[in-house]
Amino acid sequence: MPIDAEKERRIIDDRPPVFRRWTGVYALVLGFLGFLVLLFRLFTWHYK
Amino acid sequence: MSLLDFVVLFGTLLAIAAYGIWKTRGSRDLEGYFRGDHTMKWGTIGLSVMATQASAITFLSTPGLAYEQGMAFVQNYLGLPIALVIVSALFIPMYYRLGVYTAYEYLERRFDLKTRQLGAFLFLIQRGLAAGITIYAPSIILSTLIGWNLDVTILLMGILVVVYTVSGGTRAVSLTQKHQMAVILVGMAVAFLLVVSDLSRHIPFSRALEVAGKMGRLEVINFSLDYSARYTFWSGILGGLFLALSYFGTDQSQVGRYLSGETVTESRLGLMFNAVFKVPMQFFILLTGVMVFLFYQFVEPPILFKHTAVRAVHESSRAPEMRDLEARYSAAFREKREAIRALAAALEGEDEGAIAAAQARAKGLERRAEEIRSEAKDLVVRVDPKMEVKDSDYVFLTFILHHLPRGVVGLLIAVIFCASMSSTSSELNALGSTSTVDLYQRLLRPRETERHYVIVSRVLTAFWGLVAISFAMTAYLVENLIEAVNILGSLFYGTLLGIFLTAFLLKRVGGTAVFAAALVAEAMVIALYFTTDIGYLWYNLIGCGMVLALGTVLQAALPGPRQRRMEPAPKDPVASGPGRG
């Protein structure tokens, strides 16, 4: 079975939506995690 | 359960099973049976990954954990988003570029055959046992509902899952998981709204949260450095990171999910979906458990949530002792309820002194109620020494059965069953595919037809189903189902992750060094488990760290070539990867 070079390129060569690079997506996700931790800390402090 | 509940329950189960069978009709090749044709979009992958992880255990055991211990368990998931970012950035491109079919196939390309087999073996052991717990969880429901013997229930439930998995394959699992996860999310939201609605007859929601906080149930984050504490921010962010990294990066039941993506982008977005929504989802499930705890501060709960245990005593000669305990428990409950009402009133008055006094009284009465419960558990054991009395996994189930309206009960039970069947079938399918591809096809019969491998994989899937059923029949020994799954994973995942991280990061380390390091690390982790009281999440870090460190040291002492040249996948139908058409 021959390798479909165009299909392979399309599968591997990816770009995220909105951001130009994946590092932008990762920064957003990790920033959201930091926000959640802050919220949890405030939640714990408020109801303690 | 009413007739309507049974109609909803069995109607939903049959409809989903029929949907899965109908969608996989004619699927007789490996591509369809194992990979779902590589056509999945990020939404399907995201929900499928979430559904594979969130089984019935999540729905049953987590609220019970919050009922007993509060919200701290959510910290276990704090490392998960970081892990998914690493898997997305490091693992996915590597798997796609090499065109691997299973995660362990990569290890042979990078190291050697024995390392691939070790990786596959570690996966098969821990996932085979974990699948047993996944079968056990819904079986306790059926056992409680109908009053059947638990072992008989496990056998019936397990055989049903095995038949469904063997006949349906991965494609049916992936397609149905998307819908099942949607039903689960809706079911959870309905349960939360109903418990808040029931609770609001006794206390406003905002005041209820304050009471829960004073009763020690809303401590979400704990920055303590106590290494033996089970849930802290540090164990969650570090140990949880390594646990999640191992699970999502090296566990075939998850790798198989995201490698079915149409492109790398779809796979990555599916994981990022989980990175964003998993922690809030767990928080929400735990909060539901806290709401159930609050509900039972105003409505008297049974002395033990496992009513079969109480019934066993009532049917024995020691029934008068249980009746006496129940009377004392009712009296303690009524006193506690008044103390909780006093605490709520003090909170409303914002009088710090009154709040502290009411809080101390409520906690004291809670301890008294717990002591009576302990006496009841001891009595159960005296009547039936084999009876398991740990009942936290029955808390949410009891609430569903006794306090939710007709129809909704059946729907929620169906959700639990569907979630369990979905997760179990995904696990069994991954076990079958790994056994077939990494062991049978690689070692025994490398040049057979696709049809032959499909038949073998079906036989091996059934075999792993039997292993899981056997383990499920001893699962009553474990303390809490969701913890049992995490402990089991932590015992093996660290070593497995260490092998993969060595492959990715330490280019100079070869197969023999990492193989020996992994054996030593696994032996050390198991020894630590039996001899120390270290929080289980740390095993992931310890196992992984030991493989990385020992592998480097051993490699320095070993002669010979260190790095194999990486080759793309061969073009045979079994070993070709998702990017190979």
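Laid out as a table, the results:
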| item | result |
| --- | --- |
| Leading residue by the ranking (nearest to B:Met387 (Cα to Cα)) among those in region B:270-309 that are among the aromatic types (Phe, Trp, Tyr) and either more than 9 Å from every other protein chain (Cβ to nearest Cβ) or touching a strand residue (DSSP E or B) at 6+ places or on another chain (Cβ under 6 Å) (or both) | B:Phe305 |
| Members of region B:525-557 found to be aliphatic (A, V, I, L, M) and farther than 20 Å from B:Ala229 by Cβ, listed by number | B:Ile526, B:Ala527, B:Met546, B:Val547, B:Leu548, B:Ala549, B:Leu550, B:Val553, B:Leu554, B:Ala556, B:Ala557 |
| Filter pass, B:Ile135 being at pLDDT below 85, surrounded by fewer than 24 Cβ atoms within 10 Å (Cβ to Cβ) and either within 14 Å of another protein chain (Cβ to nearest Cβ) or under 19 Å from B:Leu431 (Cα atoms) (or both) | no |
| Unique match (being in contact (Cβ under 8 Å) with a residue 60 or more places away in the chain, over 18 Å from the mean Cα position of the chain (by Cα) and away from chain A (no Cβ under 14 Å)) among B:Ser260, B:Ser228, B:Ser267 | B:Ser228 |
| All positions within region B:283-302 that are under 17 Å from B:Thr52 (Cβ atoms) and surrounded by fewer than 22 Cβ atoms within 10 Å (Cβ to Cβ) | none |
| Matching residues, region B:493-533, being of a type in the set (Val, Ile, Thr) and not in a helix (DSSP H, G or I) | B:Val509, B:Thr532 |
| Hey, B:Phe6 modelled with pLDDT of 75 or more, away from chain A (no Cβ under 14 Å), surrounded by fewer than 24 Cβ atoms within 10 Å (Cβ to Cβ) and on the phi < 0 side of the Ramachandran plot or not | yes |
| Any hit, region B:42-54, residues being farther than 20 Å from B:Leu497 by Cα, among the β-branched types (Val, Ile, Thr), under 21 Å from the mean Cα position of the chain (by Cα) and surrounded by 22 or more Cβ atoms within 10 Å (Cβ to Cβ) | yes |
| Hits in region B:144-163 - residues which are at pLDDT below 75 and surrounded by fewer than 22 Cβ atoms within 10 Å (Cβ to Cβ) | B:Thr144, B:Leu145, B:Ile146, B:Gly147, B:Trp148, B:Leu156, B:Leu160 |
| Residue match in region B:169-177 (condition: in contact with a strand residue (DSSP E or B) (Cβ under 8 Å, 6 or more places away or on another chain), under 30 Å from B:Ala83 (Cα atoms) and either within 14 Å of chain A (Cβ to nearest Cβ) or buried (at least 17 other Cβ atoms within 10 Å of the Cβ) (or both)) | yes |
| Total residues in region B:205-225, condition within 14 Å of B:Val292 (Cα to Cα) and more than 9 Å from every other protein chain (Cβ to nearest Cβ) | 4 |
| Residue check, B:Leu241 closer than 30 Å to B:Asn540 by Cα and within 9 Å of chain A (Cβ to nearest Cβ) | no |
| 2 or more residues surrounded by fewer than 19 Cβ atoms within 10 Å (Cβ to Cβ): qualifying helices (runs of 4 or more DSSP H) within region B:189-264 | B:205-214 |
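Okay, residues lined up against (1) outside any helix (DSSP H, G or I); (2) under 30 Å from B:Ile203 (Cα atoms); (3) in the same structural domain as B:Lys214 (by TED's automatic domain parsing):
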site	(1), (2), (3)
B:Pro301	yes, yes, no
B:Phe305	yes, yes, no
B:Leu325	no, yes, no
B:Ala345	no, yes, no
B:Ala357	no, yes, no
B:Ala360	no, yes, no
B:Gly364	no, yes, no
B:Val381	no, no, no
B:Phe396	no, yes, no
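The values are calculated or read from the model by the stated rules, or taken from the named source; none is laboratory data. These figures come from a predicted structure and were not determined experimentally. As a convention, Cβ positions derive from the backbone with ideal geometry for all residues, glycine included, and neighbour counts pool all protein chains shown.
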